[in-house]
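Peer 1: One structure coming up, written as structure tokens, with questions to follow.
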Amino acid sequence: MTTTYDPKHPKYLDEPDLREELDRVFDACHGCRLCFNLCPSFPTLFDLIAEHDEVVSDLTNDDQDKVIDECYQCKLCYVKCPYVPPHEWNLDFPRLMMRAHAVKHQKPQSLIAQATDQFLGRTDLIGMLSTTASPIVNAVTAKTGSLARKAMQATVGIHAERMLPPYARVRFSTWFKRRAGKQIEAPVAKASIFPTCFVEYMEPQIGKDVVGVFEHNNIECSLPQGTKCCGAPWLHSGDIKHFEDSARKNIAALVKEVKEGKEIIVAQPTCAYIIKKDYPIYAPGADADLVASHTFDAAEYLIEGHRSGTRKLDLEFPGERVESVAYHLACHLQAQNIGFKGRDLMALTGATVTVIDRCSGIDGTWGYRTENYELARKVARPLVRAINGADADVVCGDCHLANTAILQETGLKPENPLSLVARAYGIAKE
């Protein structure tokens, strides 16, 4: 047995070796059970062990695969588990699950599974086509349960009842090139905004508000050239080759920005996590490490600069302010171990912020897949109760995917924290 989470290890894709490692880790989880309410994988694991009279080694491959399939890569094991590396037991459940998906990806897949992976993975191609024809695409996809959505479910595996975020008419990068930007004579810092698929194709207003807030605080903004999707959908489906290709291209583009004295700003927690944590593992090297060390979530960068005194923020907020905010704490933000920077940023405006630490059930692309839809909605129920119980003026969240799930489950459309701060500064929504 090889305890490895290194995708370059010769045993990484060896299935018998993987199965033995799954037994080892599942046995440790069985003995601890601190994670019993963390995600569906763990209750399923413990129930299956009970069915086998508490003998973990009696779990079948199908039993193990059920646990693997129900892991949606929230990464909260890194927050909750006491045995993550560098502990001597060396338990890294999320990376073990990614190893399992990589092994599974080597095997023949059904046509619908292949179509789902391709549709979810080719975000730039789908995004470019969909923004070009956004009125038609949005009209076709907006009505859940429609004949068009049922056809979509049958062909690409996206559940017909899952609400999908609409595509924008004008991409964020197009807006950025056309705009008349603020001239900053003596910038306190320089930021390169990595737009992510969600900002680029679906919600450019978030990117506009990031730029607006940064420039309001004398931080010069630019866009990196030659970047593409961070590759998260490929990684989470086990397609290491496509993920590594995405990682290398983005690293090559972003390292140029860093070497020009710019910090990389990402307004989507999953994408920031991928760049910070996964690029150095799957595309290792000095450039990957350099990019990772200079990548920040937008609120993280602003708050850290303000608190350190290197980039003090303007604390005058003459615009539209809200009294109370229910703030959804995204899983992939927690896993970065950077604190609750979105909450802290909104609090500067005078808002009372209630943190909602519950999962939305989306987690990358997991909650979009037909086979996961019902379970994803079950996962989201505590989040819905917490938001409704908060009775706040506004719901906010950093994750655009989670925000769409919140809209579907509650009817409330969340704002990004940077958008709330932009309105408080008096920066108008375009």
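Peer 1: Before we move on, is residue 102 modelled with pLDDT under 95, surrounded by 14 or more Cβ atoms within 10 Å (Cβ to Cβ) and either of a type in the set (A, V, I, L, M) or in a helix (DSSP H, G or I) (or both)?
Peer 2: Values: modelled with pLDDT under 95: no; surrounded by 14 or more Cβ atoms within 10 Å (Cβ to Cβ): yes; either of a type in the set (A, V, I, L, M) or in a helix (DSSP H, G or I) (or both): yes.
No: the conditions fail for residue 102.
Peer 1: Separate question: Looking only at residues that are among the small types (Gly, Ala, Ser), buried (at least 21 other Cβ atoms within 10 Å of the Cβ) and part of a helix (DSSP H, G or I) in the range 387-410, which one is farthest from the chain's Cα centre (by Cα)?
Peer 2: Once the filter is applied, the top-ranked residue is 405.
Peer 1: Being buried (at least 16 other Cβ atoms within 10 Å of the Cβ) and of a type in the set (Gly, Ala, Ser) is the filter; apply it to the range 278-292 and report the residue that is farthest from residue 342 (Cα to Cα).
Peer 2: Selected residue: 283.
Peer 1: Do we have residue 157 as within 20 Å of residue 402 (Cα to Cα), in contact with a Cys (Cβ under 9 Å, 6 or more places away or on another chain) and at pLDDT 95 or above here?
Peer 2: The answer is no for residue 157.
Peer 1: Please give the number of the condition residue 258 fails out of (1) hydrophobic (A, V, I, L, M, F, W, C); (2) part of a helix (DSSP H, G or I); (3) surrounded by fewer than 23 Cβ atoms within 10 Å (Cβ to Cβ); (4) out of contact with any strand residue (DSSP E or B) (no Cβ under 8 Å at 6 or more places or on another chain).
Peer 2: Result: residue 258 fails condition (4) only.
Peer 1: So in the range 293-335, with the set limited to residues that are buried (at least 24 other Cβ atoms within 10 Å of the Cβ) and over 30 Å from residue 261 (Cβ atoms), which one is nearest to the chain's Cα centre (by Cα)?
Peer 2: That would be 331.
Peer 1: Related question: Of the residues that sit in the range 200-226 and are in contact with a Leu (Cβ under 7 Å, 6 or more places away or on another chain) and surrounded by fewer than 24 Cβ atoms within 10 Å (Cβ to Cβ), which one is farthest from residue 367 (Cα to Cα)?
Peer 2: Filtering first and then ranking leaves 217.
Peer 1: Of 377, 358, which residue is in a loop (DSSP other than H, G, I, E, B), within 28 Å of residue 238 (Cα to Cα), free of Cβ contacts under 8 Å to residues at least 60 places away in the same chain and not aromatic (Phe, Trp, Tyr)?
Peer 2: Numbers: 377 fails: in a loop (DSSP other than H, G, I, E, B).
One residue alone meets the criteria, 358.
Listed here are the residues, each with its yes/no results for (1) touching a Gly at 6+ places or on another chain (Cβ under 9 Å); (2) aromatic (Phe, Trp, Tyr); (3) under 26 Å from residue 123 (Cβ atoms).
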| site | (1), (2), (3) |
| --- | --- |
| 363 | no, no, yes |
| 379 | yes, no, yes |
| 384 | no, no, no |
| 391 | no, no, no |
| 399 | no, no, yes |
| 418 | yes, no, yes |
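Peer 1: Next question. Only residues that are among the hydrophobic types (A, V, I, L, M, F, W, C) and surrounded by fewer than 17 Cβ atoms within 10 Å (Cβ to Cβ): list them for the range 164-174, please.
Peer 2: Scanning the range 164-174 gives a single hit, 170.
Peer 1: Restricting the range 310-332 to residues that are of a type in the set (A, V, I, L, M, F, W, C) and in a strand (DSSP E or B), which is nearest to residue 423 (Cα to Cα)?
Peer 2: Of everything passing the filter in the range 310-332, 325 is nearest to residue 423 (Cα to Cα).
Peer 1: Among the residues of the range 46-95, what is the count of those that are within 24 Å of residue 365 (Cβ to Cβ) and part of a helix (DSSP H, G or I)?
Peer 2: Result for the range 46-95: 15.
Peer 1: Next up: Confirm whether residue 249 is surrounded by fewer than 19 Cβ atoms within 10 Å (Cβ to Cβ) and not in a helix (DSSP H, G or I).
Peer 2: For residue 249, the condition - surrounded by fewer than 19 Cβ atoms within 10 Å (Cβ to Cβ) and not in a helix (DSSP H, G or I) - is not met.
Peer 1: Follow-up question, since we're still on this one. What is the one condition in (1) under 23 Å from residue 365 (Cβ atoms); (2) touching a Ser or Thr at 6+ places or on another chain (Cβ under 8 Å); (3) not charged (D, E, K, R) that residue 238 does not satisfy?
Peer 2: (2)
Peer 1: Might you check whether a residue that is within 18 Å of residue 210 (Cβ to Cβ), surrounded by fewer than 18 Cβ atoms within 10 Å (Cβ to Cβ) and at pLDDT 95 or above occurs anywhere in the range 413-427?
Peer 2: Yes, the range 413-427 has at least one match.
Peer 1: Right, here's the next one. Among the residues of the range 230-246, write down those that are surrounded by 24 or more Cβ atoms within 10 Å (Cβ to Cβ) and in contact (Cβ under 8 Å) with a residue 24 or more places away in the chain. Steps first, answer last, please.
Peer 2: Of all residues in the range 230-246, those surrounded by 24 or more Cβ atoms within 10 Å (Cβ to Cβ) come to 230-237, 243, 246.
Across the range 230-246, the qualifying residues are 230, 231, 232, 233, 234, 235, 236, 237, 243.
Peer 1: Right, another one. If the requirement is being out of contact with any His (no Cβ under 9 Å at 6 or more places or on another chain) and without any contact (Cβ under 8 Å) to a residue 12 or more places away in the chain, which of these qualifies: 225, 183?
Peer 2: Every option except 183 fails the conditions.
Peer 1: Could you tell me how many of the residues in the range 35-93 are of a type in the set (Val, Ile, Thr) and either farther than 22 Å from residue 236 by Cα or touching a residue at least 60 places away in the same chain (Cβ under 8 Å) (or both)? Talk me through it step by step, then tell me what you get.
Peer 2: Here is the first cut: in the range 35-93, the residues of a type in the set (Val, Ile, Thr) are 44, 49, 55-56, 60, 67-68, 79, 84.
Filter once more, keeping what is either farther than 22 Å from residue 236 by Cα or touching a residue at least 60 places away in the same chain (Cβ under 8 Å) (or both): 49, 55-56, 60, 79.
Here the count works out to 5.
Peer 1: Pick from the range 45-80 the residues that are β-branched (Val, Ile, Thr) and surrounded by 17 or more Cβ atoms within 10 Å (Cβ to Cβ): which of them is farthest from residue 91 (Cα to Cα)?
Peer 2: 49
The values are calculated or read from the model by the stated rules, or taken from the named source; none is laboratory data. For clarity, every value in this text was computed on a predicted model and none was experimentally measured. Because the Cβ atoms are built from the backbone with ideal geometry, glycine has one as well, and the counts that use them run over all protein chains shown.
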